[in-house]
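Contents: one structure, followed by commentary.
The values are calculated or read from the model by the stated rules, or taken from the named source; none is laboratory data. For clarity, every value in this text was computed on a predicted model and none was experimentally measured. Note: ideal-geometry Cβ built from the backbone for every residue, glycine included; neighbour counts use all protein chains shown.
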């Protein structure tokens, strides 16, 4: 029997990832607070983090669950408004922001359940159109209702203003880390395998005794939760919420990130979420051409790599280390490498 | 590969009461089907189907193409809800149940057109079969509690053990879709066994296999029955396999059972011969 070459023992594998991620956070944070990275760029970096959360969470529903929801911006909007209202009501306290993010996520998850139960009875195009409709409903409702039962809450088309700008680099990327970790651990468990089995073959999944309705809803709700958290971060980053920012185009933008990165690859989502957010900003000097370049990148990638940049490949730092150690142990060229079937373990964080 | 001269595989008992409980080996049938029927609009696909299978019996269901054999499987696993009749599994009526509940009650199946989780590894395919045998909850998975590690470890050991029935444990990390056809069929059986069934339904297990693979499959089916003490019902067109291992055979034609009995009875039954070969023209 081929031994699975998990050379680095289990607790250490997590430790390596956590330590490296913490080091990354520390270095970047020092650079930002020290002023080496300007305020403008730190804002861009935060919005990269938000995009990564959105892409990774949508990847859960498209790449892993195999559905095509087009209302991701709707969940983001719900989370953003919930968080913003809480932040405005209880500004100042240190724990307000994390609580507001959590509340944003939970309300979005609640909407995820409400939409998911009817929507997931449908498949393919029908599900896409239903979720698209949901996203539009959220936007139109926010656009037209300015007072709820006499309270001036969302302020309709004028937008919600003067939200405390509490989103920092550190909070954003801690949320990125948590999102990647939670989705990674879910996917490497019996629950995650059940979600994958639905993507692969629903009839076979049912014949294996997997409650497909439950796991579809679970995948959808987890996806909605993190979209809500990203919405909260977005509210704290921009400081102003305008309903039209959460339209159809926003949903498409997130979907493009997932497809470009490779459906079913968390590393791909992280990568393309970062690149596609940074690209328009970096190309600001070529103002006239930046959207052309952006579109060209999409066209070129889809022609030459239709499965997305990463396909379903997931980067694993520990897997890489395992390979290296084995190469060093096994001498040059001979043996070793043949029997290596590296378990793809680590999270794709950086 | 040492397919023809490998050692017999021994199944080691696993330290969990969840896997393979000692089955009651008495003489009451595991499956009792009476007056089962289904109509698709005006078309009666299966009508008045009766069958009983013993607890450790290997039963065969044969018949010409389009006779309704797979429909019977789909009725038993509730892919279709029957229009008439009752299905009793282990003395319990399965009326109103869905595919998932029937599977939890103890019916597992394979498919005529292979339905594996092709993009996943062989190991993951079997682990999905073992889904309900693992008992940790979502928080344990997210925060990696000890129950997660324990349960995953037992399940992985169990999966390798099940794969070893077909000598496939070396392929655990291969992609299921990349396996050769015969191995895919075997993997489907392993995945079905993972759900800890008391009745295993095999839909054309030997389709696409060569004669030596078929012989090996026959031995393996018997081995599975003897090791797991379960009933097996199979649909097959390969008569050497059906006549070789089935203890009871039912013949289906146009949705109706036209003959039942031992392989010898079936081989000499004029109605069966007529169904397969047609009626001899009356001498003029």
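Being free of Cβ contacts under 8 Å to residues at least 24 places away in the same chain and out of contact with any helix residue (DSSP H, G or I) (no Cβ under 7 Å at 6 or more places or on another chain) is the filter here; which residues of the range A:173-187 pass it?
Selection gives A:178 alone.
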The listed residue being within 14 Å of another protein chain (Cβ to nearest Cβ) and either more than 17 Å from the chain's Cα centre (by Cα) or part of a helix (DSSP H, G or I) (or both), out of B:219, B:213, B:188 = B:188
Scanning the range B:90-117 for residues that are within 14 Å of chain A (Cβ to nearest Cβ) and part of a strand (DSSP E or B), which turns out farthest from residue B:133 (Cα to Cα)?
-> B:109
Go through the range A:195-210 residue by residue and tally those that are free of Cβ contacts under 8 Å to residues at least 12 places away in the same chain and not in a helix (DSSP H, G or I).
-> 3
Is it the case that some residue within the range A:139-153 is out of contact with any helix residue (DSSP H, G or I) (no Cβ under 6 Å at 6 or more places or on another chain), in a helix (DSSP H, G or I) and either at pLDDT 90 or above or not assigned by TED's automatic domain parsing to the domain that holds residue A:60 (or both)?
-> no
Yes or no: residue B:248 surrounded by 18 or more Cβ atoms within 10 Å (Cβ to Cβ), within 13 Å of chain A (Cβ to nearest Cβ) and touching a strand residue (DSSP E or B) at 6+ places or on another chain (Cβ under 9 Å)?
-> no
Hey, does the range A:123-137 have a residue that's more than 21 Å from residue A:47 (Cβ to Cβ), touching a helix residue (DSSP H, G or I) at 6+ places or on another chain (Cβ under 8 Å), in contact (Cβ under 8 Å) with a residue 12 or more places away in the chain and part of a loop (DSSP other than H, G, I, E, B)?
-> no
Expected single match for within 13 Å of chain B (Cβ to nearest Cβ) and in contact (Cβ under 8 Å) with a residue 24 or more places away in the chain among A:222, A:256 is A:222
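Suppose we filter A:261, A:232 for residues that are away from chain B (no Cβ under 14 Å), at pLDDT below 90, touching a helix residue (DSSP H, G or I) at 6+ places or on another chain (Cβ under 6 Å) and under 29 Å from residue A:172 (Cβ atoms); which single one remains?
Matching residue, one of A:261, A:232: A:261.
Results for (1) surrounded by fewer than 18 Cβ atoms within 10 Å (Cβ to Cβ); (2) at the interface with chain A (Cβ under 8 Å from one of its Cβ atoms); (3) touching a residue at least 12 places away in the same chain (Cβ under 8 Å); (4) assigned to a helix (DSSP H, G or I), shown as yes or no for each residue.
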site: B:119; (1), (2), (3), (4): yes, yes, yes, no
site: B:128; (1), (2), (3), (4): no, yes, yes, yes
site: B:139; (1), (2), (3), (4): yes, no, no, yes
site: B:147; (1), (2), (3), (4): yes, no, yes, yes
site: B:154; (1), (2), (3), (4): no, no, yes, yes
site: B:158; (1), (2), (3), (4): no, no, yes, yes
site: B:173; (1), (2), (3), (4): yes, yes, yes, no
Filter result for residue B:256 (in contact (Cβ under 8 Å) with a residue 40 or more places away in the chain, in contact with a strand residue (DSSP E or B) (Cβ under 8 Å, 6 or more places away or on another chain) and either within 13 Å of chain A (Cβ to nearest Cβ) or more than 29 Å from residue B:36 (Cα to Cα) (or both)) = no
